[in-house]
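*Asks:* Got a structure for you, questions after.
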Amino acid sequence: MTHLTGKRVAFLATDGFEDSELTSPWEAVQSAGAAAVMVAPLQGDVTGKNGHIQSVDVRASEASAGQFDALVLPGGVVNADHIRLDQDAVAFARDFFAQGKPVGVICHGAWILTEADVLEGRTLTSYPSLATDLRNAGAVWVDEEVVIDEGLVSSRTPDDLPAFCVKVVEEIAEGPHSGQTA
């Protein structure tokens, strides 16, 4: 089993996230020994589209990628659409790429990366309806269960969570990647 003892993993989301796309990777990184930290635009709680409530630990405007070893971006249409409009949240996500740190993104979470302008030449997957958006942002989009590209781990839907969680933990354990750039 991969161990992440001493690692801190940021989860960036707001109301409307896809519940399992937050809770499954959260449990996976914690089970591997990492501390999971909820980052959101506003303090308080965020609520998933199916009712999961998660307490916010840090506001995006007060968070720094330097405080964390990796980032996970859950999906959910409403969540991703609102996060990509929050400048602090987008800057926070972009900084993980600038620092070469692992990023896991699933489903509609990839919209955040289009706004962060970090997809040029990168290969990833997402919910199929984002394919054109991601290609327009310079990415190579593929329809696969999980894709790993220099520390960027991506998956399509909750059905892919078992493979996604395994690969996210592996990439966090590997640490920074020189090809993970903003």
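*Asks:* Being closer than 27 Å to residue 173 by Cβ and over 16 Å from the mean Cα position of the chain (by Cα) narrows it down to one residue among 109, 121, 138; which is it? Even if it seems obvious, please write down each step before you answer.
*Replies:* Numbers: 109 fails: over 16 Å from the mean Cα position of the chain (by Cα); 138 fails: closer than 27 Å to residue 173 by Cβ.
Criteria check complete, one pass: 121.
*Asks:* Could you check segment 1-57 for strands (runs of 3 or more DSSP E) lying wholly inside it with 1 or more residues that are under 14 Å from the mean Cα position of the chain (by Cα)?
*Replies:* 8-12, 35-40
*Asks:* I would also like to ask the following. Go through (1) of a type outside the set (D, E, K, R); (2) crowded, with 23+ Cβ neighbours inside 10 Å; (3) touching a Phe, Trp or Tyr at 6+ places or on another chain (Cβ under 9 Å) for residue 131 and report which single condition fails.
*Replies:* Every listed condition holds for residue 131 apart from (2).
*Asks:* When you scan segment 46-59, do you find a residue that is touching a residue at least 12 places away in the same chain (Cβ under 8 Å), farther than 15 Å from residue 11 by Cβ and hydroxyl-bearing (Ser, Thr, Tyr), even just one?
*Replies:* Within segment 46-59, none of the residues are touching a residue at least 12 places away in the same chain (Cβ under 8 Å), farther than 15 Å from residue 11 by Cβ and hydroxyl-bearing (Ser, Thr, Tyr).
*Asks:* May I ask you to list the residues in segment 148-182 that are open to solvent by 60 Å² or more (accessible area, probe 1.4 Å) and not charged (D, E, K, R)?
*Replies:* Passing the criteria: 148, 162, 166, 176, 178, 181, 182.
One line per residue, one yes/no per condition, for (1) open to solvent by 30 Å² or more (accessible area, probe 1.4 Å); (2) aliphatic (A, V, I, L, M); (3) touching a residue at least 24 places away in the same chain (Cβ under 8 Å):
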| site | (1), (2), (3) |
| --- | --- |
| 11 | no, no, yes |
| 44 | yes, no, no |
| 61 | yes, no, yes |
| 77 | yes, yes, yes |
| 86 | yes, no, yes |
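The values are calculated or read from the model by the stated rules, or taken from the named source; none is laboratory data. Since the structure is predicted, the reported quantities are computational estimates derived from the model, not experimental observations. So basically every Cβ, Gly included, is an ideal-geometry build from the backbone, and we count neighbours across all protein chains shown. In case anyone asks, the SASA skips ligands and DNA or RNA and just uses the protein heavy atoms, side chains included. Shrake-Rupley method; radii C 1.70, N 1.55, O 1.52, S 1.80 Å.
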